[in-house]
1. For the range 102-120, name all the residues that are assigned to a loop (DSSP other than H, G, I, E, B) and more than 21 Å from Pro34 (Cα to Cα).
2. For residues in the range 87-104 being surrounded by fewer than 20 Cβ atoms within 10 Å (Cβ to Cβ) and within 18 Å of Val69 (Cα to Cα), which is modelled with the lowest pLDDT?
3. Across the range 131-142, what is the number of residues that are under 21 Å from Asp46 (Cα atoms) and not in a loop (DSSP other than H, G, I, E, B)?
4. Would you mind telling me which numbered condition in (1) under 16 Å from Ile140 (Cβ atoms); (2) modelled with pLDDT under 80 Gln26 fails?
5. I'd like to check something: does the range 105-118 contain any residue that is surrounded by fewer than 14 Cβ atoms within 10 Å (Cβ to Cβ) and at pLDDT below 90?
6. Check off (1) of a type outside the set (A, V, I, L, M, F, W, C); (2) surrounded by fewer than 16 Cβ atoms within 10 Å (Cβ to Cβ); (3) assigned to a helix (DSSP H, G or I) for Tyr51 and give me the number that stays unchecked.
7. Here are Ala146, Ala59: which of them is out of contact with any strand residue (DSSP E or B) (no Cβ under 7 Å at 6 or more places or on another chain), within 19 Å of Ser30 (Cα to Cα) and outside any loop (DSSP other than H, G, I, E, B)?
8. Within the bounds of the range 123-138, is there any residue that is polar (S, T, N, Q) and within 17 Å of Gly83 (Cα to Cα)?
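The values are calculated or read from the model by the stated rules, or taken from the named source; none is laboratory data. Keep in mind that this is a model prediction, so the values were computed, not measured. We place every Cβ from the backbone using ideal geometry, glycine too, and count neighbours over all the protein chains shown.
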Amino acid sequence: MKKLLIVLLFFQAGGFVYAQPKNKYQGFPSLVWPKLYDIQYEKAFDDNGEYDKPIFSAAAKSLAGKSVVLPGYMVPFDNGTKGTVFMLTSLPLNACFFCGVGGPESVVQVFLKSTVTYTEKPIEVKGVLRLNDKNPDLMIYTLEQAEFLGTIDF
């Protein structure tokens, strides 16, 4: 019992890096998503309180600032069926981060060069990958200057 109490107090103290249970990428064949899934978090604080700060793997860091192609599913737009900014999830909508199955590493915020119409079909996008470990109000991954490459057919 005493050992358990000491262990619990250690975890309450914070200030350490912890491994999130590994989510295994189960989407379309991709060389990028598995690298984005390889992530840990540490407790951090800002003016709004405590948050989980991402600690990116060397594999994810190697993609930062580079053009990548990502397959995935569009999360419906907030204001209609067309837009230039949307969330791309590696998992089908019924299993995505917003539904409680995947973690934040399974979603990328996409900023397109031109307007696209929402589709429920799986898609591919290409853009410059950015890693965010500073602003907890934004997604940890963004794809900038992205192009819609089209839907993926089975």
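1. Going through the range 102-120, the residues assigned to a loop (DSSP other than H, G, I, E, B) turn out to be 102-103, 118-120.
Passing the criteria: Tyr118, Thr119, Glu120.
2. Pro92
3. Going through the range 131-142, the residues under 21 Å from Asp46 (Cα atoms) turn out to be 131-141.
The next check asks that each one be not in a loop (DSSP other than H, G, I, E, B); those that pass are 131, 141.
Adding up the residues that qualify gives 2.
4. (1)
5. no
6. (3)
7. On the way: Ala146 fails: out of contact with any strand residue (DSSP E or B) (no Cβ under 7 Å at 6 or more places or on another chain).
Testing whether each residue is out of contact with any strand residue (DSSP E or B) (no Cβ under 7 Å at 6 or more places or on another chain), within 19 Å of Ser30 (Cα to Cα) and outside any loop (DSSP other than H, G, I, E, B) leaves just Ala59.
8. The initial filter retains those residues of the range 123-138 that are polar (S, T, N, Q), namely 132, 135.
Okay, now just the ones that are also within 17 Å of Gly83 (Cα to Cα), so none.
No, there is no match, as no residue in the range 123-138 is polar (S, T, N, Q) and within 17 Å of Gly83 (Cα to Cα).
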